[in-house]
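Comments concern the structure below.
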Ligand SMILES: Cc1cc2nc3c(=O)[nH]c(=O)nc-3n(C[C@H](O)[C@H](O)[C@H](O)COP(=O)(O)OP(=O)(O)OC[C@H]3O[C@@H](n4cnc5c(N)ncnc54)[C@H](O)[C@@H]3O)c2cc1C
């Protein structure tokens with residue numbers, strides 16, 4: 001049913017998807033509340049957004065191609081996070097540009113990079129020329145290329161600030177919701193943004209929300225990367241004041257998330273070959289966190305109506321690229337709800353949900 005100006009929306013989940021949806025309603029002047037579970041354990045307590053490094057990158061390095069709809073996402077995300085900075089009075093603190101220095105693993109990869117540039121492949125617009133002039137602390141015998149339009153969003157700051165703003169206006173509540181709760185009385189619509197907390201409910205409809213485990217280290221180091229994020233197998237992202245994030249591990253379908261010794265070793269071992277030994281040996285690990293990424297079966301988000309539940313919508317499955325694809329996806333869902341604009345088929349959950 002189309003939404004009207006007297007409707008009140010319930011958004012469940014105050015991670016990245018919940019915030020992006022709340023922002024869409026805020027811009028339209030629609031009345032809403034956000035609920036987030038206060039559980040201390042189990043899937044409801046997982047917050048991928050709290051632990052994520054918040055990086056965005058329009059290039060998929062594995063096959064050296066552009067990410068699906070890269071330019072559309074890049075434009076929407078820049079606009080969204082900068083508007084949120086303004087709204088939350090966080091100018092210059094949320095959205096950061098940090099070009100990615102892709103260290104070539106071998107000469108074939110270097111040739112591929114060159115071929116993409118020479119062929120004017122669609123990804124070429126996101127790539128710089130090859131360089132051999134490495135920052136002195138980085139080892140890159142086959143050279144490297146740079147993705148200039150990359151960076152990171154300070155997600156922990158975003159959720160903390162957005163929640164405080166909602167609390168001040170009486171719009172945030174620590175409450176649980178699931179399918180069995182149905183539509184609480186004062187609300188006309190629900191937008192379900194529960195991340196992996198929604199896995200069980202959606203499984204009953206045939207929609208898979210996988211829990212993909214990831215770990216990240218925070219490191220203090222004197223390493224100088226000229227402000228760039230260094231990428232080869234894993235990535236090292238500078239966060240200022242000699243602090244770096246080193247991530248991330250990836251393990252499919254894990255239900256309980258904990259930082260592990262194995263995860264820590266995997267990250268350090270991947271980084272060692274590309275960092276000068278005198279610098280590598282001076283790392284100090286100051287934090288080690290883990291979380292579960294809510295992922296779809298086809299690596300595209302889910303945004304749309306939930307079958308058989310009246311006026312209930314889902315935004316989920318943001319996977320490894322929530323920062324990059326989240327703003328466009330939330331915007332498509334808002335246009336669908338408020339303007340009856342059809343959803344792009346590749347994000348609509350109907351592509352999987354069983355007809356009952
Ligand atoms: C280690 C790691 C590194 C990552 N790095 C990056 C990165 O660099 N760049 C990037 O783009 N993405 C990254 N991601 C992925 C990114 O974190 C996710 O795409 C995004 O945060 C998902 O947001 P979400 O709101 O859907 O889920 P979540 O952040 O998990 O939020 C879901 C919220 O719903 C609440 N909830 C759950 N169940 C209930 C219930 N029944 N009732 C009420 N509330 C409930 C939870 O408490 C939680 O707050 C990373 C993820 C991990 C784990």
Determine, yes or no, whether residue 320 is more than 22 Å from the chain's Cα centre (by Cα) and not assigned by TED's automatic domain parsing to the domain that holds residue 232. no
Only one of 89, 75 is surrounded by fewer than 19 Cβ atoms within 10 Å (Cβ to Cβ), more than 11 Å from the ligand (Cβ to nearest atom) and either at positive phi or part of a strand (DSSP E or B) (or both). Can you tell me which? 89
Report the residue count in region 45-72 for those that are within 23 Å of residue 238 (Cα to Cα), buried (at least 20 other Cβ atoms within 10 Å of the Cβ) and within 11 Å of the ligand (Cβ to nearest atom). 10
Total residues in region 145-159, condition in a helix (DSSP H, G or I) and away from the ligand (no atom under 12 Å from the Cβ): 1
Residue that is nearest to the ligand (Cβ to nearest atom) [pool: residues in region 320-340 that are surrounded by fewer than 19 Cβ atoms within 10 Å (Cβ to Cβ) and more than 16 Å from residue 21 (Cβ to Cβ)]: 320
Which listed residue is farther than 30 Å from residue 40 by Cβ and within 27 Å of the chain's Cα centre (by Cα), from 92, 143: 92
Test for residue 7: is it under 19 Å from residue 189 (Cα atoms), more than 16 Å from the chain's Cα centre (by Cα), without any contact (Cβ under 8 Å) to a residue 40 or more places away in the chain and away from the ligand (no atom under 13 Å from the Cβ): no
Among residues belonging to region 201-236 that are under 19 Å from residue 44 (Cβ atoms) and without any contact (Cβ under 8 Å) to a residue 40 or more places away in the chain, point out the one that is surrounded by the most Cβ atoms within 10 Å (Cβ to Cβ). 201
When you check residue 258 against the structure, is it within 15 Å of the ligand (Cβ to nearest atom) and either more than 19 Å from residue 58 (Cα to Cα) or out of contact with any strand residue (DSSP E or B) (no Cβ under 9 Å at 6 or more places or on another chain) (or both), yes or no? yes
Residue 343 being closer than 26 Å to residue 77 by Cβ and either touching a strand residue (DSSP E or B) at 6+ places or on another chain (Cβ under 9 Å) or assigned to a helix (DSSP H, G or I) (or both): yes
Tell me, please, whether a residue that is touching a helix residue (DSSP H, G or I) at 6+ places or on another chain (Cβ under 6 Å), part of a helix (DSSP H, G or I), in contact (Cβ under 8 Å) with a residue 12 or more places away in the chain and under 21 Å from residue 245 (Cα atoms) can be found in region 49-71. yes
Flagged in region 297-317 as within 11 Å of the ligand (Cβ to nearest atom) and touching a residue at least 60 places away in the same chain (Cβ under 8 Å), in numbering order, are 302, 314, 315, 316, 317
Matching residues in region 12-27 - criterion: being in contact with a helix residue (DSSP H, G or I) (Cβ under 6 Å, 6 or more places away or on another chain) and more than 10 Å from the ligand (Cβ to nearest atom): 24
Within region 177-195, the residues that are within 13 Å of the ligand (Cβ to nearest atom), part of a loop (DSSP other than H, G, I, E, B) and touching a strand residue (DSSP E or B) at 6+ places or on another chain (Cβ under 6 Å) are 177, 193, 194
Looking at (1) closer than 22 Å to residue 243 by Cβ; (2) modelled with pLDDT under 95, which is the one condition that is false for residue 351? (1)
Give the residue, chosen from 278, 253, 231, that is over 25 Å from residue 318 (Cβ atoms) and either assigned to a loop (DSSP other than H, G, I, E, B) or away from the ligand (no atom under 11 Å from the Cβ) (or both). 278
Could you give every pair whose Cβ atoms fall below 7 Å, whose first residue belongs to region 254-271 and is assigned by TED's automatic domain parsing to the domain that holds residue 216, and whose second residue is more than 13 Å from the ligand (Cβ to nearest atom), counting only separations of at least 6 or pairs across chains? 270/233
The condition from (1) assigned to a helix (DSSP H, G or I); (2) farther than 16 Å from residue 53 by Cβ that residue 270 misses is numbered (2)
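The values are calculated or read from the model by the stated rules, or taken from the named source; none is laboratory data. On a predicted model such as this, the values are computed, not experimentally measured, just so you know. All Cβ positions, even for glycine, are placed from backbone atoms using ideal geometry, and neighbour counts span all protein chains on display.
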